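Here's the structure, in structure tokens; my notes come after.
Every number here is computed from the coordinates shown, using simple stated rules; none is lab data. Keep in mind the model is a prediction, meaning the values are calculated, not measured. A quick note on method: Cβ atoms are made from the backbone with ideal geometry, for glycine too, and the neighbour counts reach across all protein chains shown.
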Amino acid sequence: MPTTVTAHPAAFVTLTAPSFGPVHSRRTGAGGGVMACRPRRDGGTCPHGRPVSCTVRHAADDTRLGQPLCPDCFDYAGAVLWNAHAPELWRRFTMAFRRYLARSAGLRVADLREALTVSFAKVAEYQRRGLVHFHAVIRLDGPGGPDATPPSWATLDLIKAAVDHAAGAVAVSTSAAGDVPAKTHVWGSQIDVRPITTTGDLTDTAVAGYIAKYATKAAECVGTLDRRIRPTDDPADLPVSGHARRLITECLRLAALEEFAGLRLAEWAHMLGFRGHFSTKSRHYSVTLGRLRADRIEHNRRQHDISTGRLPFDDDQVLVIAHWRYLGQGMTPGEALLTAALTGKPLPTLTTGTERRTCPNSS
Ligand SMILES: [Zn+2]
Ligand SMILES: [Zn+2]
């Protein structure tokens, strides 16, 4: 990437989900002190008899954080359907963003690329309440990408105006199904746009660190599972938080409704309905993810894959297996291959010239 790209207008944007019911939260005041969770002077209870007020100043590791004040008041169907539609909401946001830029420059959307290139890089993060939100870097490059200078009208103020407009302008609707009413899924009101500069509060290096941190966060951080729910799983037995269990159960429940079949909610129940990639970016932002992925697959294939019939090591590497456990009798083709490799027996799939080595631990 050319270093001149750092001079192009860029902003760090956060788009969140709306509220699906009050949850315990930890907020800090202007002085840095922790504020009461959700104080309500009149107090009172919800229709389920639970207090609507919480005056606790929650510690950072309080397990109640992100859990609803009343699970029965929380809109679980709305929450998982929002997660399921978040990628589409993001896609519509990027289209509305481009439309706004084109309109403000007096161009047709189709002609926008002749004037500038919009580059996006986003990561999805789970909030404790089990909803995803997006952090994105949005940058305006010249026509053709990062090598070209953007037009003078492509400013930070324009990015901010376009984000505010696009976030408020888009929605995805779902029709009524079962006991779930028709819903319109929109972004929450908490939208943050901060300029990225080479100096000052939010530098490009700080953003890179920020995004890397969120990219490593996954769904299990909110107390759900890091694997798919299996047909043999009983949701009641899963080692998850009560809130995550209800989100997972809601995914499985809605998955049975024909209207939501396309969302594959059972397959993505462990992700609480969200089936997007955690990080995506437009073609011009930097090295493509596809290129990175291809390199990684090739690396893994060379290093580890024994299912293809190739030996799992290169000429200068020795396979060491230091940990054994009993799984059962008989061998899968992969195990047969591995055993053959370890015992030095000839393999029909070996290609000429591949050197077999014996694992030092095989005895
Ligand atoms: Zn609370
Ligand atoms: Zn309630």
Exercise. Does any residue in the range 53-67 that is in contact (Cβ under 8 Å) with a residue 12 or more places away in the chain and among the charged types (D, E, K, R) come within less than 7 Å, Cβ to Cβ, of a residue that is part of a loop (DSSP other than H, G, I, E, B) and within 16 Å of ligand 2 (Cβ to nearest atom) six or more places away or on a different chain, and which pairs are these?
Worked result: 64/24
For this session: For the range 98-113, indicate whether the set of residues that are touching a Gly at 6+ places or on another chain (Cβ under 7 Å) and surrounded by fewer than 23 Cβ atoms within 10 Å (Cβ to Cβ) is non-empty.
Result: no
Exercise. Out of (1) within 13 Å of ligand 1 (Cβ to nearest atom); (2) surrounded by 15 or more Cβ atoms within 10 Å (Cβ to Cβ); (3) farther than 21 Å from residue 131 by Cα, the odd one out for residue 5 is which?
Worked result: (1)
For this session: Just give me the residues in the range 53-90 being away from ligand 2 (no atom under 16 Å from the Cβ) and of a type in the set (Lys, Arg), in sequence order.
Result: 57
Exercise. Residues 166, 182, 136: which one is buried (at least 18 other Cβ atoms within 10 Å of the Cβ), of a type in the set (Gly, Ala, Ser) and out of contact with any helix residue (DSSP H, G or I) (no Cβ under 8 Å at 6 or more places or on another chain)?
Worked result: 136
Exercise. Of the residues 147, 192, 111, 141, which single one is out of contact with any strand residue (DSSP E or B) (no Cβ under 9 Å at 6 or more places or on another chain) and acidic (Asp, Glu)?
Worked result: 111
Problem set entry | Subset of the range 46-105 (residues that are over 20 Å from residue 168 (Cα atoms) and basic (Lys, Arg)) | 50, 57, 64
Exercise. Does the range 9-16 contain any residue that is within 13 Å of ligand 1 (Cβ to nearest atom) and either surrounded by 13 or more Cβ atoms within 10 Å (Cβ to Cβ) or assigned to a strand (DSSP E or B) (or both)?
Worked result: no
Exercise. Just to be sure, is residue 134 in a strand (DSSP E or B) and under 16 Å from residue 272 (Cβ atoms)?
Worked result: yes
Seminar exercise, completed: Checked 68, 87, 47 against criteria (within 16 Å of ligand 1 (Cβ to nearest atom) and closer than 30 Å to residue 254 by Cβ); the one match is 68
Exercise. So which of 5, 13 ends up being touching a residue at least 60 places away in the same chain (Cβ under 8 Å) and under 22 Å from residue 191 (Cα atoms)?
Worked result: 13
Problem set entry | For residue 58: the one exception among (1) within 16 Å of ligand 1 (Cβ to nearest atom); (2) part of a helix (DSSP H, G or I) | (2)
For this session: Could you look through the range 71-82, keep only residues that are more than 16 Å from ligand 1 (Cβ to nearest atom) and not in a helix (DSSP H, G or I), and pick out the one that is nearest to residue 262 (Cα to Cα)?
Result: 75
Problem set entry | Candidate set: the range 39-70, residues that are within 11 Å of residue 23 (Cα to Cα) and in contact with a Leu (Cβ under 7 Å, 6 or more places away or on another chain); chosen: the one surrounded by the fewest Cβ atoms within 10 Å (Cβ to Cβ) | 52
Exercise. What residue, among those in the range 36-55 that are closer than 18 Å to residue 74 by Cβ and of a type in the set (Val, Ile, Thr), is farthest from the chain's Cα centre (by Cα)?
Worked result: 45
Exercise. In the range 90-120, what residues are touching a helix residue (DSSP H, G or I) at 6+ places or on another chain (Cβ under 7 Å) and of a type in the set (A, V, I, L, M, F, W, C)?
Worked result: 93, 96, 97, 101, 102, 105, 107, 109, 112, 118, 120
Exercise. Among the residues of the range 22-52, which ones are within 16 Å of ligand 2 (Cβ to nearest atom), in a strand (DSSP E or B) and of a type outside the set (Ser, Thr, Tyr)?
Worked result: 23, 38, 51
